[in-house]
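Asker: Okay, here's the structure, questions in a sec.
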Amino acid sequence: SSGINAEYGDDDVAVTIQMQSTSAQLQRHLLNLLHSLQLPGKCTTADTDLEIQTLKLQIVTNVISYAVSAMGNGNVINALFSTELGARKGHGNSLSLLITLLQKALDGSSHHSDNYSQLTHKAFHVGQLSTEEQRELASWIVTDTAKCSASERARYAQIRLEQLADNKDQELTLYTQLTENLVYLLWRHVHHYTVHGRADTHQPKKQLLSSQDSIKQLTRELSHHLTDPFLKKIVDFTSSKNTSTVTSSFTSALVRRLRKLITV
């Protein structure tokens, strides 16, 4: 009986190890998507490009949401991003990658917010658009715009503008979620490395952040990347009409904590 129990115990350990290995591989593959996918840049009106653009943003947002979950909720987190910054940054998952994604998210959200405002303005004042512009927009709804009356053409143009505005609104919602999670990930990792002085799991053991000099070096480098204008840009975005009061308050509090951590 003891032999059978021992055998089953060994099987359970083997299964557990295999599951952990598979989980780690999946985690690496997921996080590597952050390097291969680019956040949407210039706005487009083509349906296919719109779908691809939104899909990329959704994937990046979902991967970052996964990272928040995989990091854990305890005081000692599962550090997914190394301390590499500036000249020391590599091609791996690092704080430098989080900061780069955050910069791109803020730039993209600003661009798409402006575009959303333009689209809604045009949709409300569609009658002020030129006939050529109305015809071009209407052609996305009907094949032969030449057979449309002026009122029909204007209505089809308005429908197209509303479609584009809805898409931008959806993307702005994703940008808000992405920005909030990136700030949270950044704060948890910086807190993990500087306050708890935990080891950088991606570096040799001799490079533990156990000394005050190591911590000061990290905070000094972070202060060069997370400048006051950049942090203010985060707060301004999360305080915009695109975000809820809860999101704004939460992210603003995280920014204050980040600023306090990196103040040398």
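Asker: Which one of Glu180, Glu171, Glu162 is over 18 Å from Ser240 (Cα atoms) and part of a helix (DSSP H, G or I)?
Answerer: Only one candidate passes the filter, namely Glu162.
Asker: What's the number of the only condition in (1) surrounded by fewer than 21 Cβ atoms within 10 Å (Cβ to Cβ); (2) in contact with a Pro (Cβ under 9 Å, 6 or more places away or on another chain) that Ser110 fails to meet?
Answerer: So Ser110 meets the others, but not (2).
Asker: For segment 58-69, check the following and say yes or no: at least one residue is part of a helix (DSSP H, G or I), at pLDDT below 85 and not polar (S, T, N, Q).
Answerer: Looking through segment 58-69, none of the residues is part of a helix (DSSP H, G or I), at pLDDT below 85 and not polar (S, T, N, Q).
Asker: Does Arg160 count as within 30 Å of Leu106 (Cα to Cα) and either among the polar types (S, T, N, Q) or surrounded by 14 or more Cβ atoms within 10 Å (Cβ to Cβ) (or both)?
Answerer: In short, yes.
Asker: Right, here's the next one. For segment 249-264, which positions are free of Cβ contacts under 8 Å to residues at least 12 places away in the same chain and under 15 Å from Thr176 (Cα atoms)?
Answerer: Ser249
Asker: Could I ask something else about it? How about segment 142-155: which of its residues are surrounded by fewer than 21 Cβ atoms within 10 Å (Cβ to Cβ) and in a helix (DSSP H, G or I)?
Answerer: First pass over segment 142-155, keeping only residues surrounded by fewer than 21 Cβ atoms within 10 Å (Cβ to Cβ): 142-152, 154-155.
Passing the criteria: Thr145, Ala146, Lys147, Ala150, Ser151, Glu152, Ala154, Arg155.
Asker: Considering segment 117-140 alone, what residues qualify as being open to solvent by less than 60 Å² (accessible area, probe 1.4 Å) and either aliphatic (A, V, I, L, M) or touching a residue at least 24 places away in the same chain (Cβ under 8 Å) (or both)?
Answerer: Within segment 117-140, Leu119, Thr120, Ala123, Val126, Leu129, Glu133, Leu137, Ala138 qualify.
The values are calculated or read from the model by the stated rules, or taken from the named source; none is laboratory data. Source: prediction; values computed, not measured. Cβ coordinates were reconstructed from backbone atoms using ideal geometry, including for glycine residues, and neighbour counts include every protein chain displayed. With ligands, DNA and RNA removed, areas are computed over all heavy atoms of the protein, side chains included. Shrake-Rupley method; radii C 1.70, N 1.55, O 1.52, S 1.80 Å.
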